[in-house]
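Notes for the one structure printed next.
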Amino acid sequence: MKTKVLFFYADWCSGCFRMKQKFYDEVKKRNVRFDIIDVEEPEGVELSCKLRVRNVPTLVFMRGDKVIGVEKGNESYKNIYKYE
């Protein structure tokens, strides 16, 4: 089963903008097979509440309906190897 990544971010957040590019570069460099879903705030507020996401940027890693990991902050893209 492929790992799903929910990428929570906000357009007004400069850290999110920088991290988003680094995250996609890292996925491409590692040739990781994730299903990536971008969740922009505030439109994703219902999902944020359900998953208890309080900060952006945040990466939520899931297999099926189960959360297997959460990485927060501008450097969280560096930890995607744990979920390959």
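Rounded to the nearest 20, the size of the Cβ-charge dipole of the chain about its Cα centre is 460 debye, with Lys and Arg at +1 and Asp and Glu at -1. Extension gain for K82-I36 works out to 15.0 nm (0.36 nm per residue, less the C-alpha to C-alpha distance). 3J(HN,Hα) along the stretch 24-33, derived from phi through the Karplus expression 6.51 cos²θ - 1.76 cosθ + 1.60 where θ = phi - 60°, amounts to 5, 5, 5, 4, 5, 4, 7, 6, 7, 9 Hz, with x in place of Gly and Pro. For the stretch 1-50, chymotrypsin sites (Phe, Trp or Tyr not before Pro) are listed when DSSP marks them as loop and at most 16 other Cβ atoms sit within 10 Å of their Cβ; the list is W12. Averaging 1/r across all pairs of distinct Cα atoms in the chain and inverting the result yields a Kirkwood radius of 12.7 Å.
Every read-out reported here was derived from the displayed coordinates using simple, explicitly stated rules and does not represent laboratory data. Here the structure is a predicted model, which is why all the values come from computation and not from measurement. So basically every Cβ, Gly included, is an ideal-geometry build from the backbone, and we count neighbours across all protein chains shown.
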